[in-house]
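Taking it in order: structure first as structure tokens, then the write-up.
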Amino acid sequence: MTAPAIDIQARWERVRARLRAEIGETQYRSWVRRMTLDRVGEGLVVLSVPSVFVRDWIVSRYADRLRALWALEDASVREVSVDVAETAGGEDEAVATADEPATSNGAPRPTLVDGAMRNVSAPLDARFTFANFVVGKPNEFAHAAAHRVAESAEVTFNPLYLYGGVGLGKTHLMHAIAWHIRETAPDRRVIYLSAEAFMYQFVRALRFKDTMAFKELFRSVDVLLIDDVQFISGKESTQEEFFHTFNALVDQNRQIVISADRQPKDLDRVEERLRSRLGWGLVADLHPTDYELRLGILLARLETLAPRQPVPHRVLEFLAHRISGNVRELEGALTRLIVHANFVGRAVTLEGTQDLLRDMLRAHDRHVTVEEIQRRVAEHYNMRLADMTSDRRARAVARPRQIAMYLSKQLTQRSLPDIGRKFGGRDHTTVMHAVRKVEELRLSDVSFAEDVELLRRMLEG
Ligand code: ADP
Ligand code: MG
């Protein structure tokens, strides 16, 4: 069978279009869209997908339909096979494969030193400065400590450990420290990055057999800021490396600033010596916002947004009252309000605000349940709800189940044993394993990460 390439491509387009009509847009977008035509010949069609997970999924659900639809286009097709594209890497492959990168033209392979500090440090958000940080009771201590570190050339407490819930200003304060030092002491070398990025750099160094450069680079900074350090929990080799970097910097009297969503002693699956080391300096927490702080933040934000329509004070009070907790949401609400007012060119009123933000206010009152997560995830992956709690271990059900466990941990207040119980009486270590597995896959597989993100957003709705 030798059809011109253009014909083959057109056939593939038709097969895809038919399958799309059969399975619906959501399924299509989740799975089939990621498939490309690799080759056709001798009765065999080879399709390729980015990950093992997607392949297993497609094969278990659509193999028959794909074969039938191809046969409609080309009667000689007997078999359709789905391969994992080589570039994507298998999903169960460890993140840290130590294979040599290909160097096709004999050029020196890239090293971390090439990138140097500028590339290792994550970009800083221009808005996250001390000037833009509103100080209130819940955050005054953390703010004072951060300011102190940014100001002084000497290291007074090491590390400065900032912790608090999501959206309370940890990242903002860390960027503020970095900005301040860049401005007032430009020759001090500052690296800001997330613990996730730190791990990524480390894994990359392993892969490129470049750990010496990695060590040199991180041990030659004056100020090292690592955000969201809870991320390294369970990642043993990253912890090990981090611990050494940490000690080397402390020995040389360099400043370290850490942030996390919990205090050092609550970092589970972090080695005891590292955990205790993290608490040696100054530990400062960011408390949940209170009404005054929220109002202050709204007022400050209003100035930078410069709305065309005035926003009545009682609307701000309403927002500060109703959207409690997370500053990011609060800012989101205000921005939405102003964008809308500018757009329709009508005065901002309390009634209009309640109307416009109805879903947001409702979502805020709403709590996602484990049952709801199970239902949505099962729907998304087109599996039976009963398999969320069943003993079936086929990957096509086991993986979505793990995703549901992961989301339950992320989106509800339930404990691991509690979650385990709701998944057919599984042990809490099973849930822990699921959380870890999903976190790993999110790092190594972009399409998987997108999928999980999509589900999370739907659930938070
Ligand atoms: P975290 O890192 O703790 O999750 P962020 O630092 O990313 O939170 O803060 C979330 C958003 O809220 C950012 O836009 C940040 O500028 C804003 N924010 C938080 N706290 C304050 C504050 N005290 N003053 C002004 N903006 C704040
Ligand atoms: Mg943050």
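Rounded, prolate or oblate: which fits segment 319-461, taking a ≥ b ≥ c as square roots of the Cα gyration tensor eigenvalues, rounded meaning a/c under 1.5, else prolate when a/b beats b/c? Judged from the Cα gyration tensor, segment 319-461 comes out prolate (a/c at least 1.5, a/b above b/c). When peptides 223-230, 134-141, 310-317 are sorted by average Cβ neighbour count within 10 Å, with the highest value leading, the order is 223-230, 134-141, 310-317.
Note on the chain: Cα Rg divided by 2.2 N^0.38 Å, N the number of residues, gives 1.14.
Once the chain from Arg18 to Lys209 is taken as fully extended at 0.36 nm per residue, the excess over their C-alpha distance is 64.0 nm. At the listed q of 0.11 Å⁻¹, the Debye profile of segment 112-286, built from one uniform point per Cα, gives log10 I(q)/I(0) equal to -0.41. In this Cβ point-charge picture (+1 for Lys and Arg, -1 for Asp and Glu), the chain has a dipole of about 860 debye about its Cα centre.
In order along segment 73-79, the phi-based Karplus estimate (6.51 cos²θ - 1.76 cosθ + 1.60, θ = phi - 60°) of 3J(HN,Hα) comes to 7, 8, 5, 7, 6, 9, 9 Hz; Gly and Pro are listed as x. Using θ = phi - 60° in the Karplus curve 6.51 cos²θ - 1.76 cosθ + 1.60, the 3J(HN,Hα) couplings for segment 40-45 round to 9, x, 6, x, 10, 10 Hz; x is entered for Gly and Pro.
Spin-label pair Ala153-Glu317: with each label point 7 Å from Cα along the Cα-Cβ axis, the two points sit 5.0 nm from one another. Once the Cα atoms are used to define both axes, helix 236-251 deviates from the longest principal axis of the chain by about 20 degrees. Which percent of the accessible area of segment 370-460 is formed by carbon and sulfur heavy atoms (probe 1.4 angstrom)? Summing carbon and sulfur atoms, their accessible area is 45 percent of the total for segment 370-460. Counting only protein heavy atoms and a 1.4 Å probe, the chain has 50 square angstrom of accessible area per residue.
I'd like the projected area of segment 120-183, averaged over all directions, using the convex hull of its alpha carbons. Report it in nm² with one decimal. Its Cα hull, projected and averaged over all orientations, spans 4.8 nm². Rounded to the nearest 10 degrees, the inclination of helix 140-151 to the longest alpha-carbon principal axis of the chain is 90 degrees. If R0 equals 25 Å, the separation of the Cβ atoms of Thr429 and Arg273 corresponds to a calculated FRET efficiency of about 0.60. Suppose a student asked you for the relative contact order of the chain, using Cα pairs under 8 Å spaced at least 6 residues apart; what percent would you report? After rounding, I find 13 percent. Our estimate of slack between Leu37 and Lys265, defined as 0.36 nm per intervening residue step minus the Cα-Cα distance, is 76.9 nm. Under 5 Å from the amide H of Tyr161 lie the amide H atoms of Ile258, Leu282, Val283, Ala284, each residue being 5 or more positions distant or on a separate chain, with H modelled from the backbone and absent for Pro and chain starts.
The values are calculated or read from the model by the stated rules, or taken from the named source; none is laboratory data. Owing to the predicted nature of the structure, the values given are computational and were not obtained by experimental measurement. Glycine gets a Cβ as well: all are built from the backbone with ideal geometry, and neighbour counts include every protein chain shown. Heavy atoms of the whole protein, side chains included, go into the accessibility calculation; ligands, DNA and RNA do not. Shrake-Rupley method; radii C 1.70, N 1.55, O 1.52, S 1.80 Å.
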